1. Out of all the residues in segment 315-332, is one or more of a type in the set (V, I, T), open to solvent by 70 Å² or more (accessible area, probe 1.4 Å) and either more than 19 Å from A264 (Cα to Cα) or touching a strand residue (DSSP E or B) at 6+ places or on another chain (Cβ under 8 Å) (or both)?
2. Report the residue count in segment 90-140 for those that are touching a Lys or Arg at 6+ places or on another chain (Cβ under 8 Å), over 20 Å from H70 (Cβ atoms) and of a type in the set (A, V, I, L, M, F, W, C).
3. Please work out which residue is nearest to P19 (Cα to Cα), limiting yourself to segment 35-85 and to residues that are outside any helix (DSSP H, G or I) and hydroxyl-bearing (S, T, Y).
4. Answer yes or no as to whether E180 is open to solvent by 10 Å² or more (accessible area, probe 1.4 Å) and in a helix (DSSP H, G or I).
5. Among the residues of segment 332-355, which ones are more than 23 Å from I216 (Cα to Cα) and not in a helix (DSSP H, G or I)?
6. Quick one: would you say K55 is among the charged types (D, E, K, R) and closer than 16 Å to F158 by Cβ?
7. Could you grab the pairs with beta carbons closer than 7 Å, sequence gap of 6+ or different chains, first residue in segment 279-299 and within 15 Å of Y236 (Cβ to Cβ), second one open to solvent by 40 Å² or more (accessible area, probe 1.4 Å)?
Amino acid sequence: MSYPTSLLTETSRIYFEGPGWEKLTQTLTHNDYSQVFVLTDTNTNQDCLRIFKTKIDYNFSVLMMEAGEHHKHLQTCTQLWRELSELGADRNALLINLGGGVVTDLGGFVACTYKRGIDFINVPTTLLSMVDASVGGKTGIDLDQLKNQIGVIKEPDFVLVDPVFLKSLPETEFRSGYAEMLKHGLIQDRAYFEKLIDYKADYHKVGGHIYHSIHIKSKVVSQDPYEKNFRKILNYGHTLGHAIESYFLQHPSQQRLLHGEAIAIGMVMEAQLSHTSCGLNTEERDLIKKVFGKIYPKISLNSNDILAIKKLLRHDKKNRSGDVRFALLESIGKPVIDQVVSEEAIDSAIAFYQD
């Protein structure tokens, strides 16, 4: 292991690999939990629970939800609240969320609201959840097809990150997480972004990059835990990206887009917005488009798609007084927040991606 074993800030407690499992064992042994529950989905129940059981010698009950963003809704929460209640879970229970971002987001929300709050620990099993959902304390669910409209911000007791879970991860899911890593470079560290340009889906060698991404995000979050100001830089690519992701959730017969794939499209489009609105130079704008174009398949958007996506922008959580607000780039590594742009600029950004 060629990177630190833990990353501890005022807001985040993250442990890596072997020392992480030691921390979890100590926590289970030394805390007087009435019951311990492990939340999985249908994928991690099959692929990751076995690994988890080899690492932890402790009696726990398994809860399971259906896999996929389209199950990140209130009905799933209700199902889990009922199961916890039926199994006699009290306020001294612990919930361990073993899965990707859907499991950690929804499981965290379930823990925060069950009996007004029980302890929870996140064990992310996808690259996306390791570098993104593991930090920042955002829990929540979707409202219909609108992303993350309901939730609270509360950090887990701690997060355990181990790339061993990436062994069973499909390459599409690996690419999805890689988009967030590229974003971390774009908003804070040009040298890191340039290292990531040479894309390889290799879980053996990605540990150091995971640590670096988590370090970048945790520094941002520690300065602004509740996203009042500086933390908004993490939304680069997410305003258009979330609208695109929501649109394809509403129209699954057309194409299935993972979160990172949608955000990758958003980052290309918002590179053009950065060029027209914030002075991002042509060379850096074109580099961003080239890098994402090599890693992520291009999708086609017709005029009806574009109209629907633009309507979804009105529901973005960052909006204020009816204005759609973007986090953009003045240059790679230098972000700006709360940028209001014209509809014509948005049309130009979409055309830039399509061209």
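The values are calculated or read from the model by the stated rules, or taken from the named source; none is laboratory data. Here the structure is a predicted model, which means the values were calculated and not measured. Please note: Cβ atoms are built from the backbone with ideal geometry, for glycine as well, and neighbour counts cover all protein chains shown. Accessible surface is based on the protein model in full, side chains and every heavy atom, while ligands, DNA and RNA are left aside. Shrake-Rupley method; radii C 1.70, N 1.55, O 1.52, S 1.80 Å.
1. Quick first cut of segment 315-332, residues of a type in the set (V, I, T) only: 324, 332.
Restricting the remaining residues to those that are open to solvent by 70 Å² or more (accessible area, probe 1.4 Å) gives none.
Checking segment 315-332: not a single residue is of a type in the set (V, I, T), open to solvent by 70 Å² or more (accessible area, probe 1.4 Å) and either more than 19 Å from A264 (Cα to Cα) or touching a strand residue (DSSP E or B) at 6+ places or on another chain (Cβ under 8 Å) (or both).
2. Pass one, segment 90-140, residues touching a Lys or Arg at 6+ places or on another chain (Cβ under 8 Å): 90-91, 102, 105-106, 108, 112, 115-118, 131-132, 135-137, 139.
Adding the requirement that they be over 20 Å from H70 (Cβ atoms) leaves 90-91, 112, 115-118, 131, 135-137.
If we keep only those that are of a type in the set (A, V, I, L, M, F, W, C) too, we end up with 112, 118, 131, 135.
Adding up the residues that qualify gives 4.
3. Initial filter on segment 35-85 (outside any helix (DSSP H, G or I)): 35-43, 48, 56-68, 72-73.
Filter again for hydroxyl-bearing (S, T, Y), leaving 40, 42, 58, 61.
Values: T40: 22, T42: 27, Y58: 17, S61: 24 Å.
Here the answer is Y58.
4. On the way: open to solvent by 10 Å² or more (accessible area, probe 1.4 Å): no; in a helix (DSSP H, G or I): yes.
So E180 does not fit the description; no.
5. The first filter runs over segment 332-355 and keeps only residues more than 23 Å from I216 (Cα to Cα), leaving 340-355.
Residues satisfying the conditions are V340, V341, S342, D355.
6. Values: among the charged types (D, E, K, R): yes; closer than 16 Å to F158 by Cβ: yes.
So K55 passes the test.
7. Pairs found: L280/E330; R285/H275; V291/I197.
Every residue, every condition in (1) buried (at least 21 other Cβ atoms within 10 Å of the Cβ); (2) over 17 Å from the mean Cα position of the chain (by Cα); (3) outside any loop (DSSP other than H, G, I, E, B); (4) in contact (Cβ under 8 Å) with a residue 12 or more places away in the chain, yes or no:
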| residue | (1), (2), (3), (4) |
| --- | --- |
| H184 | yes, no, yes, yes |
| I187 | yes, no, yes, yes |
| A191 | no, yes, yes, no |
| K195 | no, yes, yes, yes |
| K200 | no, yes, no, no |
| Y203 | no, yes, no, yes |
| H212 | no, no, yes, yes |
| K219 | no, no, yes, yes |
